[in-house]
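Structure first, then comments.
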Amino acid sequence: MAYQLISFVLCPFVQRSVITLKEKQVPFEITYIDLQNLPDWFAAISPMGKVPVLRVDDGRVLFESAVINEYLDETNPPPLHPQDPWRRAHNRAWIEFGSNLIGRQYRLLVAPDEAAFNREKEGLLADLRYAEQQLGEGPFFNGSAFSLADTAYAPLLMRLEIIERRYPQGLLTQTPKTAAWCEALLARPAVRESVVADFEQRFADYFAGQGSFLGQYLA
Ligand SMILES: N[C@@H](CCC(=O)N[C@@H](CS)C(=O)NCC(=O)O)C(=O)O
């Protein structure tokens, strides 16, 4: 196997690389670790103690999802990143923005009470509106071509769809282009198959177990 991806089963950042590998139909092995109980070997290959880590067959390792995805894209043609340098740079900037959004979504999921939840919800919505302004006719971030930017936002939007279905807050109805983008992404086989079969239940159970405000509605 050429690639080994080190993962945590609910990690949206690892999911970005899984989608990229599946889009490109590149075989890989996935190894799940428990982030609360890190195996000794992990510290040696993950300088920031985070997943994803990509191990290539000669033992070299890479970390950071955006970097891993660019490497996978460059070494497994045809590229998913746009060809135009400005557009590619623009996509990189919005992928970074998407990473920030994942952080916001996590804070929403673990907000301890309704006031904190509402604060996080407003922040998340404001950022979703910014991202929405980048969308054109769709169905994907750059139009008709599925790209690395789509792999970067699909995990966020998959979780947002679950949250909205279980505890509707109008987060997607207030951003209609993002809602259509979400639908197109969730219809994509590489996206659907990028999580474990019982992902939704595990996701709901995990955040219900955190005792957060939103967790009670996810259970
Ligand atoms: N910027 C990193 C973020 C990765 C990240 O935060 N991963 C989380 C799991 S979803 C993690 O490993 N957290 C462990 C920790 O922070 O100790 C990336 O894009 O790869």
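The values are calculated or read from the model by the stated rules, or taken from the named source; none is laboratory data. In this text the structure is predicted, and so the values were computed from the model without any measurement. As a convention, Cβ positions derive from the backbone with ideal geometry for all residues, glycine included, and neighbour counts pool all protein chains shown.
Among the listed residues Tyr71, Tyr106, which satisfies the condition of being without any contact (Cβ under 8 Å) to a residue 40 or more places away in the chain and either within 28 Å of Glu200 (Cβ to Cβ) or touching a Pro at 6+ places or on another chain (Cβ under 8 Å) (or both)? Let's see the steps before the verdict.
On the way: Tyr71 fails: either within 28 Å of Glu200 (Cβ to Cβ) or touching a Pro at 6+ places or on another chain (Cβ under 8 Å) (or both).
None of the other options fit; the residue is Tyr106.
With the checklist (1) among the small types (Gly, Ala, Ser); (2) loosely packed, with under 11 Cβ neighbours inside 10 Å; (3) outside the structural domain of Gln133 (by TED's automatic domain parsing) in hand, flag the one item Ser46 doesn't pass.
Failed condition: (2).
Return the total of residues in the range 135-148 being crowded, with 16+ Cβ neighbours inside 10 Å and either assigned to a helix (DSSP H, G or I) or of a type in the set (S, T, N, Q) (or both). Quick ask: steps written out before the conclusion?
First pass over the range 135-148, keeping only residues crowded, with 16+ Cβ neighbours inside 10 Å: 135, 139-142, 146-148.
Add one more test, that the residue is either assigned to a helix (DSSP H, G or I) or of a type in the set (S, T, N, Q) (or both), and what stays is 142, 147-148.
Total meeting the criteria: 3.
Determine whether Glu193 is loosely packed, with under 14 Cβ neighbours inside 10 Å and touching a residue at least 24 places away in the same chain (Cβ under 8 Å). Give the steps one after another, and end with the answer.
Values: loosely packed, with under 14 Cβ neighbours inside 10 Å: yes; touching a residue at least 24 places away in the same chain (Cβ under 8 Å): yes.
Against the criterion (loosely packed, with under 14 Cβ neighbours inside 10 Å and touching a residue at least 24 places away in the same chain (Cβ under 8 Å)), Glu193 qualifies.
The rows are residues; the columns are (1) touching a residue at least 12 places away in the same chain (Cβ under 8 Å); (2) surrounded by fewer than 19 Cβ atoms within 10 Å (Cβ to Cβ); (3) outside the structural domain of Val9 (by TED's automatic domain parsing).
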{"residue": "Asp40", "(1), (2), (3)": "no, yes, no"}
{"residue": "Ile95", "(1), (2), (3)": "yes, no, yes"}
{"residue": "Ala126", "(1), (2), (3)": "no, yes, yes"}
{"residue": "Ala152", "(1), (2), (3)": "yes, no, yes"}
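Consider only pairs whose beta carbons are under 8 Å apart and that are at least six residues apart or on different chains; among these, list those whose first residue lies in the range 50-68 and is on the phi > 0 side of the Ramachandran plot and assigned by TED's automatic domain parsing to the domain that holds Thr31 and whose second residue is within 7 Å of the ligand (Cβ to nearest atom) and polar (S, T, N, Q).
Close Cβ pairs (under 8 Å, with a partner that is within 7 Å of the ligand (Cβ to nearest atom) and polar (S, T, N, Q)) do not exist here.
When the range 1-27 is examined, which residues are found to be within 16 Å of the ligand (Cβ to nearest atom) and either in a loop (DSSP other than H, G, I, E, B) or among the small types (Gly, Ala, Ser) (or both)? Don't jump to the end; show me each part of the working.
Quick first cut of the range 1-27, residues within 16 Å of the ligand (Cβ to nearest atom) only: 3-21.
Within the range 1-27, Ser7, Phe8, Val9, Leu10, Cys11, Ser17 meet the criteria.
Report yes if Ser99 is in contact with a Pro (Cβ under 6 Å, 6 or more places away or on another chain), modelled with pLDDT of 95 or more, small (Gly, Ala, Ser) and within 16 Å of the ligand (Cβ to nearest atom), otherwise no. It would help to see each step written out before you state the result.
Numbers: in contact with a Pro (Cβ under 6 Å, 6 or more places away or on another chain): no; modelled with pLDDT of 95 or more: yes; small (Gly, Ala, Ser): yes; within 16 Å of the ligand (Cβ to nearest atom): yes.
Spelling it out, it is not the case that Ser99 is in contact with a Pro (Cβ under 6 Å, 6 or more places away or on another chain), modelled with pLDDT of 95 or more, small (Gly, Ala, Ser) and within 16 Å of the ligand (Cβ to nearest atom).
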